[in-house]
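A.B. asks: Here it is, the structure, as structure tokens.
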Amino acid sequence: METQNAPPQEYESDDDSYKVLDLTEYERRYHWWNQVFGHSSGPMVEKYSVATQIVMGGVSGWCAGFLFQKVGKLAATTVDGGFLLLQTASHSGYVLIGWKRVEKGVNKAKRQIKKRANKAAPEINNIIEEATEFVKQNIVISSGFVGGFLLGLAS
């Protein structure tokens, strides 16, 4: 049996063989939910009736509002209770509070928060843009969610 040697292949230069991928453009076109739910996961308008969208948004909004209310009350109670105990201990003489030191610490924390907030602005703007785009594409379910959220807060 006779073997034939394939003619030598010409290889492209290194510059031509690689394609530059712009990750920001790629991320805009292929969102994370495409990987999770597939490419047919477009706006809710294409899949469900208006009544179904309002009910889905209202129920999920009510659940989120109810949880937000309960967690908020728990957090407020915890912070207020700690402050009340601290004040009671301070007035009874058990704890001495150096208010100058507290003020200095608070001012330092404020400066650090301002520095970090300026650095985080691009990420926050990106999240806001994505949320705005989602609300525009799914206005019915979003309005149901807001109504349900307000009802959940009130209940």
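A.B. asks: Take peptides 91-99, 51-59 and line them up by average Cβ neighbours within 10 Å, highest first, as a rough protection proxy.
C.D. replies: In descending order of packing, they fall as 51-59, 91-99.
A.B. asks: Give me the percent of the accessible area of region 105-155 that comes from carbon and sulfur atoms, probe 1.4 Å, all protein chains in place.
C.D. replies: That fraction is 66 percent.
A.B. asks: Follow-up question, since we're still on this one. Sorted from largest down, give the three principal axis spans of the alpha carbons of region 38-155, whole angstrom values.
C.D. replies: Principal extents (Cα only, largest first): 66, 37, 21 Å.
A.B. asks: Let me ask you something else. How large are Rg and Dmax for region 68-129 when calculated on the C-alpha trace, in angstrom?
C.D. replies: 17.5, 52
A.B. asks: Please list 3J(HN,Hα) in residue order for region 55-60, calculated via the Karplus relation 6.51 cos²θ - 1.76 cosθ + 1.60 where θ = phi - 60°; whole Hz, with x for glycine and proline.
C.D. replies: Working through the residues one at a time gives 5, 4, x, x, 5, 5 Hz.
The values are calculated or read from the model by the stated rules, or taken from the named source; none is laboratory data. What you see is a predicted model; the values in this text were computed from it and never measured. FYI the Cβ positions are ideal-geometry reconstructions off the backbone, even for glycines, and counts take in every protein chain you see. Ligands, DNA and RNA are excluded from the accessible area calculation, which covers all protein heavy atoms including side chains. Shrake-Rupley method; radii C 1.70, N 1.55, O 1.52, S 1.80 Å.
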